[in-house]
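Some notes on the structure that comes next.
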């Protein structure tokens, strides 16, 4: 297992795009068959952010301000902002940003940012909040994929529009496989991307 992945799997599924059956938040709240690592995570700012529990998140940050940049003991370097952004919890994202969360923090190994996580799930409102907070839409992950690549692949037209407005040049960015966001586009994002760049050969 690489250094960017948590030492356990179940509670990280929400962030890593794993199975959603049996919401991970149930593990956080029920404590059924939790390992010590999972128990540590369940009490963390990351867990509160993942579940959108703003009241709990606020209490944790008031008690331990450094938790805003911690990974909840997962070993994966995902911050609370990564968790909240991927889950689409706008209020939690806003609280974290107001509290000074590092908006462009990237995970070890994968190089994932909160903006990329939100874009990959099509959470346009979260994408907008992150961009307003100064998130860099030009940043690529370990595969060279920008937030626009991810929004286009997810088919989110609104997220694509927001990202193009913030960083027009990202339309021509190529990932490590040489693909532009337009070449990754699906669904409603196809028309948005075709409007800003010519069709590319397969």
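Table for the structure above
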read-out	value
Residue within the range 137-144 that is surrounded by 22 or more Cβ atoms within 10 Å (Cβ to Cβ) and either over 16 Å from residue 80 (Cβ atoms) or in contact with a strand residue (DSSP E or B) (Cβ under 7 Å, 6 or more places away or on another chain) (or both) present	yes
Residues being over 26 Å from residue 190 (Cβ atoms) and either buried (at least 20 other Cβ atoms within 10 Å of the Cβ) or touching a strand residue (DSSP E or B) at 6+ places or on another chain (Cβ under 9 Å) (or both) - total across the range 98-136	4
Counted residues, the range 38-83 - those being in a helix (DSSP H, G or I) and under 18 Å from residue 98 (Cβ atoms)	23
Hits in the range 51-83 (condition: surrounded by fewer than 18 Cβ atoms within 10 Å (Cβ to Cβ) and within 16 Å of the chain's Cα centre (by Cα))	69, 70
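Since every read-out is calculated from the coordinates, none of them should be taken as a lab result. Computed from a prediction, not measured in an experiment: that's the story for all the values here. Virtual Cβ from ideal backbone geometry, glycine too; neighbours counted across all protein chains shown.
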